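S.K.: Just dropping this structure here.
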Amino acid sequence: MKHLAPLALGPALLAAALIPTAASAQQADGPALAPGSTLLTVNAEGHATRAPDLAVFSAGVASTGATAGAALAANAADMNRVIAALKRAGVADRDIQTSNLSLNPVYAEPPRLPSGAVEQGPPRITGYQASNTVTVKQRNLGEFGKVIDTLVAAGANQVNGPSFQVDDSDAATDEARVDAVRKARQRAELYARAAGMKIVRILTLTETGGHAPPVPMYRMAMADAAAAPTPMAPGEVALNVNVSVQFELAP
């Protein structure tokens, strides 16, 4: 039977561990190790940054009415103006998508007794509120602030976002992958030197997922369209890729 020499080196922040594994398990689950070899697993994260070329945000209208039908009718008229404003601002049909439509009753505040206690009884409906929200992709970032101001002037009273993104992120993601593998190799060489060993080969290489850090969001409700133009600073977007690499080490 082959035996593996276990090692345990390095801080947890490097997300690396040297894992002893029985040879029989290696033969069943993956490449077999040579006698006296050690299995090293290294996790690494690669990064790439790009200037965003896409801003995704939501815009909508909340409208009220004495009846459900009246609220919906008012909301439809308000939302048609908002969508028309988006199109006049140069946003294409494919970049406007309804993301939420809701209709809810509006309840009166329960009356209070002379003692200050709330009077018990069924809630009383005083009207209805209809909300309609669209998710918008703004591709011309230089016009983003102007588009927001145009929406508010057209009647939008619910604006959330933006989330800055890279529309075609393949090249940047591949750059992050290369960076992740490079870091994994560097860490493996560090551990090998510290253990008095050398890297024989890579046994497995797995991409374990990646992400783009969340971009701060802002919310504007019932904004004043007469205020100064809305400023916007896109900054940079980071794309990250995580890999897990298994190395075979030998004396």
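S.K.: Using per-residue counts of other Cβ atoms within 10 Å, averaged over each peptide, order 148-155, 195-202, 79-86 from highest down.
M.R.: The densest-packed peptide leads the list: 148-155, 79-86, 195-202.
S.K.: Now for a different question. Protein chains only, probe 1.4 Å: how do Tyr128, Tyr191, Tyr107 rank by accessible area, largest first?
M.R.: Greatest to least solvent exposure: Tyr107, Tyr128, Tyr191.
S.K.: Something else now. Counting only heavy atoms of protein chains, what accessible area per residue, in Å², does segment 64-169 have with a probe of 1.4 Å? Each step should come with its number before you reach the end.
M.R.: On the way: 6040 Å² over 106 residues.
The answer is 57 Å² per residue.
S.K.: Still on this structure, please answer the following. What whole number of Å gives the distance from the Cα centroid of segment 138-157 to the Cα centroid of segment 36-110?
M.R.: When both Cα centres are located, 14 Å separates them.
S.K.: Moving on. Please give the residues of segment 104-142, grouped as numeric ranges, whose backbone N is less than 18 Å from a label point set 7 Å along the Cα-to-Cβ vector of Ala70.
M.R.: Backbone N within reach: 104-109, 124-131.
S.K.: Can you tell which of Ala48, Ala84, Gln97 lies farthest toward the positive end of the dipole of segment 34-102, using +1 and -1 charges on the Cβ of basic and acidic side chains (Lys, Arg; Asp, Glu)?
M.R.: Ala84
S.K.: If you place +1 on the Cβ of every Lys and Arg and -1 on the Cβ of every Asp and Glu, how big does the dipole about the Cα centre of segment 147-211 come out, in debye to the nearest 20?
M.R.: 820 debye
S.K.: Let me ask you something else. Does segment 65-180 classify as rounded, prolate or oblate by the C-alpha gyration tensor (a ≥ b ≥ c root eigenvalues; a/c under 1.5 gives rounded; else a/b over b/c gives prolate, otherwise oblate)?
M.R.: On the way: a/c = 3.35, a/b = 1.99, b/c = 1.68.
In terms of gyration-tensor shape, prolate.
The values are calculated or read from the model by the stated rules, or taken from the named source; none is laboratory data. Please read all numbers here as calculations on a predicted model, not as lab measurements. Reconstructed Cβ throughout: ideal geometry from the backbone, glycine too, with neighbour counts over all protein chains shown. Calculation scope for accessible area: heavy atoms of the full protein, side chains included, ligands and nucleic acids excluded. Shrake-Rupley method; radii C 1.70, N 1.55, O 1.52, S 1.80 Å.
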